[in-house]
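The structure appears below as structure tokens.
The values are calculated or read from the model by the stated rules, or taken from the named source; none is laboratory data. For clarity, every value in this text was computed on a predicted model and none was experimentally measured. Neighbour counts run over all protein chains shown; Cβ positions are idealised from the backbone, glycine included. Accessible surface is based on the protein model in full, side chains and every heavy atom, while ligands, DNA and RNA are left aside. Shrake-Rupley method; radii C 1.70, N 1.55, O 1.52, S 1.80 Å.
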Amino acid sequence: AAAGARAGARAAAVVARAGDPKLDFGSNERAGLGYTEEDSAGQSNIFSVEPKVYVGKEVSTTFPFALVVGAVGLLGVGAGLTFLKNDAETVQYVNTGTSLSEYVAKFSPRRAPVPVPAVEAPPVEAAAPEAGA
């Protein structure tokens, strides 16, 4: 009898769960981002749809700042060049040291001298001994 009571209790619990209200997503601000559809077995599947992100065009303060910095930089370079051009005391650099070509010649590997081919002397014929000596 106890086994039958347990089976009835289980059935009642299943029936109670089946009677639960369906989930309500109405209070969620992202509730409209999906849909449900039943598959061939009759089960409901939830499919999500991601919203497209809209990025509005904002007026950036970086571009005007870059223009001002660039203009100030150009004015500074122009003023410096004008100052150097008009300065009578500008010292011109005169090279008094060793040139790069001299260093290259000094430290470049030296080649062995080309061997001069030996000149062969014509063969000397043996002198015949004199009969009278």
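Return the pair list, or none, for Cβ contacts closer than 9 Å from residues in segment 98-113 that are at negative phi to residues that are in a loop (DSSP other than H, G, I, E, B) and of a type outside the set (A, V, I, L, M), at least 6 apart or on different chains. Pairs that qualify, where the first residue is at negative phi and the partner is in a loop (DSSP other than H, G, I, E, B) and of a type outside the set (A, V, I, L, M), are K106/T98. Residue pairs whose Cβ atoms lie under 6 Å apart, sitting 6 or more positions apart in sequence or on different chains, and linking a residue in segment 36-58 that is modelled with pLDDT of 80 or more to a partner that is among the acidic types (D, E) and open to solvent by 100 Å² or more (accessible area, probe 1.4 Å), are S44/E38; N45/E37.
Among the residues examined, S44 qualifies as loosely packed, with under 10 Cβ neighbours inside 10 Å and in contact with an Asp or Glu (Cβ under 8 Å, 6 or more places away or on another chain). So for segment 92-109 (the condition being open to solvent by 100 Å² or more (accessible area, probe 1.4 Å), at pLDDT 80 or above and among the small types (G, A, S)), does at least one residue qualify? Looking through segment 92-109, none of the residues is open to solvent by 100 Å² or more (accessible area, probe 1.4 Å), at pLDDT 80 or above and among the small types (G, A, S). Within the option set V124, V55, being of a type in the set (A, V, I, L, M, F, W, C), under 30 Å from G34 (Cβ atoms) and assigned to a loop (DSSP other than H, G, I, E, B) holds for one residue only, V55.
Taken over segment 80-91, the criterion of being open to solvent by 90 Å² or more (accessible area, probe 1.4 Å) and not aromatic (F, W, Y) is satisfied by L81, L84, K85, N86, A88, E89, V91.
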